[in-house]
Amino acid sequence: MSSFDIKSLLDFSPPNFFCQKCRALLVSMPINYEFSRVSCTVCGVDYLATESNLFWNARQYFESGGRKIEFKDTMAQSRALAVLAQNLDNALREPGWIYPMQVLLEALNAAQAFIHFMTYGMSLQLVGALRMAALHVPVRGIVANASPAIAEELKTYAKESPHLETHLYERSDKRLDWDNMPHQKVIIIDGLLAFKGSANLTVDGWRKAAKGLDSVDVVTDVNEVIALNNRLFSPVWAKEDDTATLLMTIDDVPF
């Protein structure tokens, strides 16, 4: 049996908040007490107080309006996702025991807080899987090289899944458009687990990974998961919004 040092729990710092603009994952509120300033270290958006004392009550703001990342039991959720990570490692090492696609679907279903993803191309089957996941958690995704069928599904029928929000880069014959299309492939589950590699969010990509013909890497180091989200996903997500300042109004104050 491998040993476990309980002091390692002191290094466990899961994300607690979202940046409202870029959806960066924040372990703590982005407050600079020296300069009495609240600003995202990823996209740079400034959060402005609307009342004289609101700066000092920034926690209330970040804990409202969907900016707080919460779990019923953080350790239990971490353990559940770790099991899936181990299953995927086994699937890639011993093809046929369990399939990568199965693990992906289980991970999407297991999310308790959110899902972020980036892909270059996408399968309609996985649009359906994400629609199902969006019934219980917010799902945000960036789809590059989106085919006409995918674009129609995600734009025309967006209201069918109000908690599935996507930014699309549609296919084009223009070289300038192709040169500016993101090519990252990453899936973030709850800020605790990530899948990265060359496989797109397509059925072919994940089935090829089972044969060693495409790559999927599992990331369970929470600091690396946060870094992947904030380095790859958030800067591209923020490009759709030129907001430089946000007013810290409390949108759901408890009575």
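The values are calculated or read from the model by the stated rules, or taken from the named source; none is laboratory data. Here the structure is a predicted model, which is why all the values come from computation and not from measurement. Cβ sites come from the backbone with ideal geometry, for glycine too, and all protein chains shown count toward neighbours. Please note that ligands, DNA and RNA were not included when accessible areas were found on the heavy atoms of the full protein model with its side chains. Shrake-Rupley method; radii C 1.70, N 1.55, O 1.52, S 1.80 Å.
Here are the numbers:
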quantity	calculated
Per-region count, the range 131-176, residues among the β-branched types (Val, Ile, Thr) and assigned to a loop (DSSP other than H, G, I, E, B)	1
Residue under evaluation Glu240, criteria (1) within 29 Å of Tyr61 (Cα to Cα); (2) outside any loop (DSSP other than H, G, I, E, B); (3) in contact with a strand residue (DSSP E or B) (Cβ under 6 Å, 6 or more places away or on another chain), criterion not met	(2)
Residue in the range 92-100 that is of a type in the set (A, V, I, L, M, F, W, C), at pLDDT 95 or above and loosely packed, with under 15 Cβ neighbours inside 10 Å present	no
The one condition in (1) free of Cβ contacts under 8 Å to residues at least 60 places away in the same chain; (2) touching a Phe, Trp or Tyr at 6+ places or on another chain (Cβ under 7 Å); (3) under 21 Å from Ile6 (Cα atoms) that Phe62 fails to fulfil	(3)
Single unsatisfied condition, Arg207 versus (1) within 16 Å of His116 (Cα to Cα); (2) open to solvent by 50 Å² or more (accessible area, probe 1.4 Å)	(1)
Scope the range 23-62; condition modelled with pLDDT of 75 or more and farther than 20 Å from Ser234 by Cβ; matching residues	Leu48, Ala49, Arg59, Gln60
Filtered residues of the range 195-220 (kept if over 18 Å from Asn90 (Cα atoms) and either without any contact (Cβ under 8 Å) to a residue 24 or more places away in the chain or of a type in the set (Gly, Ala, Ser) (or both))	Ser198
Ser13 vs. criteria modelled with pLDDT of 75 or more, part of a loop (DSSP other than H, G, I, E, B) and open to solvent by 60 Å² or more (accessible area, probe 1.4 Å)	no
Filtered residue count, the range 210-255, keeping only those that are within 23 Å of Tyr47 (Cα to Cα), open to solvent by 70 Å² or more (accessible area, probe 1.4 Å) and at pLDDT 95 or above	1
Qualifying positions in the range 142-174 - touching a residue at least 60 places away in the same chain (Cβ under 8 Å) and open to solvent by less than 20 Å² (accessible area, probe 1.4 Å)	Ile142
Single unsatisfied condition, Lys72 versus (1) open to solvent by 50 Å² or more (accessible area, probe 1.4 Å); (2) under 24 Å from Ile226 (Cβ atoms); (3) at pLDDT 95 or above	(3)
Criterion: of a type outside the set (S, T, N, Q) and open to solvent by less than 10 Å² (accessible area, probe 1.4 Å) - qualifying residue of Asp190, Asp177	Asp190
Residue in the range 77-91 that is crowded, with 19+ Cβ neighbours inside 10 Å, modelled with pLDDT of 95 or more and closer than 18 Å to Val143 by Cβ present	no
Selection within the range 111-139 - open to solvent by 10 Å² or more (accessible area, probe 1.4 Å) and in contact with a helix residue (DSSP H, G or I) (Cβ under 6 Å, 6 or more places away or on another chain)	Gln112, Met122, Ser123, Gln125, Ala129
